[in-house]
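Single-structure report; data block below.
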Amino acid sequence: MTGVTSTPSSLSGVVSGEVLEQLEFPAALAEVGRRAVSSLGAARVLARRPLADAAWVAQELATVAELAALLSREDPFRPEPAPDLTETFATLDVGGSVLQGQELLELARVAAAARSVARELARIREAAPRVAMLAVEPPPKAFEQAVERALDPDGAVRDDASPELKRARLRVRETRQRLVALLESLLGRLDAADRGAEGTVTLRDGRYVIPVRRGGARVPGIVHGASGSGATLFVEPPEAVELGNELCACEADEARAVLAVLRGLTEQARGVRAEIAAGWEMCLAVDDVYARARYAADVDGVAPAVAPAPAPLAIRVGRHPLLIAEGAGVVPFDLRLEPGGGTLVISGPNTGGKTVLLKAVGLRAALA
């Protein structure tokens, strides 16, 4: 067992950024933060700084201690990772904007994650009531279901997302097949010596074309570029222009139908924006607590008592957090500083651990 058994809250009020760097406070936070399940949860841990509010610190430590006790008993509690929705919310807040498929999927995944986390918090309410207070009402499931029906796992809009889109994509496929068949027929009529090296119907500048060897028999039509060597021209024959235009019109209809689906889903997202944002915040807050509790359980730590100054600083069986992380055999220490004492003398040989002890005292107090 290791822990700062008590610390005066005023100590943290005078800790500067430079001192925290000297104590390797950021490195210690990184060790804690790597226990988070998401990068945003880890970022919250890394952003923590000592505060002089004894009541707030005591509440935070008690919350972590509750969850750490559960985790020490091998409870399976684990938060759900949540992606960064900052840009998605910014887009959603612009009137008339339309979210892309991947953005809508992320919103739906956060809604599902919030439901899972809220369910887990309800499960541990009796054993960890402070942690359970982080729970919020998750977003309604209807939004997730709408996204699942309309979008593939990669964010692409499904054919059956709307009747209009289904019809538009059918017309696109049929028109494309007719156009390619026509171009293959025209290409097949050319002598082998007049065909480009590519030898198949291809797409250039959004138009379907056939490869024609430069300098061969003249093939009328619109040239849409040449090969890298310049030996092949990509030609759209006159017979294919009308059908190509028809395909472009069909593809425009498809794009409008896709946009209509995304617009509809975006409006649904706007309707539950507050609930998703609250669920997202809950996921991140729980991840923050989980990382600290997981660390406490991993190092067999205890929650220190915190009291307003003047109060003693007492450490029993203390170990330097970064030496613990290195897996080295750490010699523990006991230390007590009374409120009236302004000086502590530490003596010993060079490389005897004096600096490590000094840093360990300051670092542990700052972490507490």
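The values are calculated or read from the model by the stated rules, or taken from the named source; none is laboratory data. Keep in mind the model is a prediction, meaning the values are calculated, not measured. Note that we place each Cβ from the backbone using ideal geometry, even for glycine, and neighbour counts take in every protein chain shown. Only protein heavy atoms, including side chains, enter the accessible area calculation; ligands, DNA and RNA are left aside. Shrake-Rupley method; radii C 1.70, N 1.55, O 1.52, S 1.80 Å.
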Legend entry - Amide H contacts of T232 (H built 1.01 Å from N, under 5 Å, at least 5 apart or other chain): R214, S227
Legend entry - Selected from R195, R109, R316 as most flexible by GNM, with the chain as the system and alpha-carbon contacts under 10 Å: R195
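Hey, with R₀ at 51 Å, roughly what FRET efficiency would R119 and R178 work out to, going by the Cβ-Cβ distance, to 0.05?
Values: r = 53 Å, r/R0 = 1.04.
After rounding, the FRET efficiency stands at 0.45.
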Legend entry - Karplus-derived 3J(HN,Hα), 6.51/-1.76/1.60, for each residue of segment 199-206, Hz, glycine and proline x: x, 9, 4, 9, 10, 9, 6, x
Inset, instruction - Could you point to the residue in L233, F25, Q100 farthest towards the positive end of the chain's charge dipole, with +1 and -1 charges on the Cβ of Lys/Arg and Asp/Glu respectively? - result: F25
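Sort largest first and round to whole Å: the equivalent ellipsoid semi-axes of segment 66-132, each the square root of five times a Cα gyration tensor eigenvalue.
Values: eigenvalues 221, 23, 17 Å².
Result for segment 66-132: semi-axes of 33, 11, 9 Å.
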Inset, instruction - Between E126 and S39, with labels modelled 7 Å along Cα→Cβ, what's the label distance in nm to one decimal, could you check? - result: 4.1
Inset, instruction - Please work out the average accessible area per residue across segment 264-324, using the 1.4 Å probe convention, and give it in Å². - result: 37
Legend entry - For R195, distant residues with modelled amide H under 5 Å away: R213
Inset, instruction - Filter the GluC sites (Glu not before Pro) in segment 40-119 down to the DSSP loop ones having no more than 13 other Cβ atoms within 10 Å, then list what survives. - result: E74
Legend entry - Nitroxide proxy distance, nm - points 7 Å out along Cα→Cβ at D53 and K354: 4.0
Inset, instruction - Describe numerically, in nm with one decimal, the distance between label points set 7 Å from Cα along Cα→Cβ at R78 and at E246. - result: 5.6
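Over segment 223-360, what per residue volume does the convex hull of the Cα atoms give, in whole Å³?
Values: hull volume 43.3 nm³, N = 138.
Dividing the Cα hull volume of segment 223-360 by its residue count gives 314 Å³.
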Inset, instruction - Go through segment 43-58 residue by residue and turn each phi into a ³J(HN,Hα) via Karplus (6.51, -1.76, 1.60, θ = phi - 60°); whole Hz please, and just put x for glycine and proline. - result: 4, 5, 5, 5, 7, 5, 9, x, 10, 9, 8, 4, 5, 5, 4, 4
Inset, instruction - For R207, list long-range residues whose amide hydrogen, built 1.01 Å from N in the peptide plane, is under 5 Å from its own amide hydrogen. - result: none
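How would you classify segment 231-275 from its alpha-carbon gyration tensor, with a ≥ b ≥ c the square roots of the eigenvalues: rounded for a/c under 1.5, else prolate if a/b is greater than b/c, otherwise oblate?
Numbers: a/c = 11.82, a/b = 3.26, b/c = 3.63.
Judged from the Cα gyration tensor, segment 231-275 comes out oblate (a/c at least 1.5, b/c at or above a/b).
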Inset, instruction - Convert each backbone phi in segment 269-276 into a coupling constant with the Karplus relation 6.51 cos²θ - 1.76 cosθ + 1.60 (shift: θ = phi - 60°), then list the ³J(HN,Hα) values in order as whole Hz, x for Gly and Pro. - result: 4, 4, x, 10, 4, 5, 5, 5
Inset, instruction - Scan segment 238-327 for GluC sites (Glu not before Pro) in coil per DSSP, keeping those whose Cβ has at most 11 other Cβ atoms within 10 Å, and list them by number. - result: E326
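At 1.4 Å probe size, with the rest of the protein present, what percent of the exposed accessible area of the chain is carbon and sulfur atoms? Please report the intermediate quantities before stating the final value.
On the way: 10290 of 18890 Å².
That fraction is 54 percent.
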Legend entry - Choice from S162, S16, S347 with maximal GNM fluctuation in the chain (Cα, 10 Å cutoff): S347
